[in-house]
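The values are calculated or read from the model by the stated rules, or taken from the named source; none is laboratory data. On a predicted model such as this, the values are computed, not experimentally measured, just so you know. So basically every Cβ, Gly included, is an ideal-geometry build from the backbone, and we count neighbours across all protein chains shown.
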Amino acid sequence: MKLRKACLYKVHLPLVTPFRTSYGLTLEKSFYLLELYDEKGNVGYGELEAFPLPEYTEETLEGAKLILTSLLLNEAQGQNFSAPEEVSEYFRWIKGNEMAKAMFESACYDLFAKREGVSLAKLLGAENDEVAVGVSIGIQNSEADLLSAVADFVEEGYSRVKMKIKPGQDLSYLAAVREQFPNLVLFADANSAYTEAEFDILLKMDHFDLAMIEQPFGTRDFLLHAKLQQKIRTPICLDENIRELGDVQQAYAFGSCQAVNLKMARVGGFHEALRIAEFCEKHQMTVWCGGMLEAGVGRAHNLALAARKEFKFPGDISATKRYFKEDIIKKDFELVNGKIHVPQGVGIGVEIDYKALKRFTKSTETILLD
Ligand code: OSB
Ligand code: MG
């Protein structure tokens with residue numbers, strides 16, 4: 001496969017409700033949409049998931065965009081890829097920059113699927129045509145607000161709820177939800193907000209019968225996570241720590257976690273994500289599909305991956321309307337009995353709504369690759 005042209009759209013989609021994590025408040029989803037053209041006129045799509053500020057990982061939206069335009073696209077010029085796995089191998093020498101690489105690599109996967117006339121899910125080896133999903137609820141101003149948000153999502157049919165926590169907005173919030181919803185599959189995501197000084201607070205979370213505790217400590221804290229995991233029966237799930245298969249192997253060897261929140265964008269693309277999913281399955285670690293407040297293209301990518309058999313725990317892949325009033329694809333993803341249908345058309349299986357895309361696009365850029 002030879003690449004001929006890349007088009008980049010800078011898109012801003014307002015969120016229906018602001019989303020608060022321990023890092024801060026997000027009001028809109030800002031991203032770059034990549035259109036990648038091959039020599040046969042196929043178009044593959046990638047979504048850049050890096051956030052404007054380097055809070056979640058080191059990458060930033062503009063920095064990652066620069067890596068794409070000044071490095072990845074230059075390197076790919078004149079290259080002839082014969083299989084999708086070759087793309088990430090070709091860029092393996094480039095350290096970090098996972099989300100920039102993932103945007104490019106995922107667009108190539110979409111192209112390969114389209115060239116073969118199969119769905120992306122099929123190309124990825126996925127067998128399920130629908131996936132069970134859950135919802136991620138941002139930090140709320142009060143326990144009452146949290147309870148009403150949980151009630152709304154449960155009512156809509158989400159089969160499990162993840163709530164964001166940080167020191168000061170944790171134990172009482174968890175207790176309130178657990179009391180009101182004794183049978184709910186519930187867990188907490190701290191986004192690295194805790195230190196060893198708060199160890200005792202985390203130990204107390206073991207009493208709420210949580211499905212897991214996600215990323216309590218810092219991004220490189222394999223040891224501290226292992227110390228906590230030794231003392232609690234609730235599984236620890238790592239998110240920010242995991243950038244490549246080696247991180248999962250290390251976490252497994254240290255006993256730092258029993259579950260992995262797998263985001264294709266955070267590990268540099270589908271190829272690495274598949275290696276991680278296979279490792280987790282082999283070593284009885286729970287692996288599930290995380291989210292980055294994705295717009296339509298990223299959501300389609302996630303669904304294709306989460307349709308693989310290793311993904312047994314519901315992912316952070318909610319219906320489109322949980323985040324957006326309007327998206328840039330023609331058909332919204334809908335929740336049916338707690339599940340979302342996996343697109344079966346060729347490639348990502350969703351159509352871009354170019355009218356909507358134009359309305360939400362601030363700037364565009366075209367780069368010729370031949
Ligand atoms: O930690 O999983 C996370 C959103 C932004 C940054 C980090 C995270 C999240 C979410 C939302 O939890 C998941 C989603 O619904 O897309
Ligand atoms: Mg997380």
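Structure values in brief
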| read-out | value |
| --- | --- |
| Residue tally, condition within 16 Å of ligand 1 (Cβ to nearest atom) and either without any contact (Cβ under 8 Å) to a residue 24 or more places away in the chain or among the basic types (Lys, Arg) (or both), over region 274-300 | 1 |
| In region 6-24, the residues that are within 16 Å of ligand 2 (Cβ to nearest atom) and either among the aliphatic types (A, V, I, L, M) or surrounded by 18 or more Cβ atoms within 10 Å (Cβ to Cβ) (or both) | PHE19, THR21, SER22 |
| Residues (closer than 22 Å to GLU130 by Cβ and either within 10 Å of ligand 1 (Cβ to nearest atom) or surrounded by fewer than 22 Cβ atoms within 10 Å (Cβ to Cβ) (or both)) located in region 260-273 | ASN261, LYS263 |
| Close pairs (6 angstrom Cβ cut-off, 6 or more residues apart or separate chains): at pLDDT 95 or above in region 323-351, assigned to a strand (DSSP E or B) and small (Gly, Ala, Ser) anywhere | GLY338/ALA132; LYS339/ALA132; GLN344/SER119; GLY349/SER119 |
| Residues that are within 14 Å of HIS12 (Cβ to Cβ), of a type in the set (A, V, I, L, M, F, W, C) and touching a helix residue (DSSP H, G or I) at 6+ places or on another chain (Cβ under 7 Å), drawn from region 49-69 | PHE51 |
| Boolean, ILE340 is touching a strand residue (DSSP E or B) at 6+ places or on another chain (Cβ under 9 Å), more than 16 Å from ligand 1 (Cβ to nearest atom) and β-branched (Val, Ile, Thr) | no |
| Checklist (1) assigned to a loop (DSSP other than H, G, I, E, B); (2) modelled with pLDDT of 95 or more; (3) over 17 Å from the mean Cα position of the chain (by Cα) applied to SER318, failing item | (3) |
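Residues checked against (1) within 19 Å of the chain's Cα centre (by Cα); (2) of a type in the set (A, V, I, L, M); (3) within 16 Å of ligand 2 (Cβ to nearest atom); (4) under 21 Å from ARG115 (Cα atoms):
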residue	(1), (2), (3), (4)
LYS331	no, no, no, no
LYS339	yes, no, no, no
VAL350	yes, yes, no, yes
THR361	no, no, no, no
ASP370	no, no, no, yes
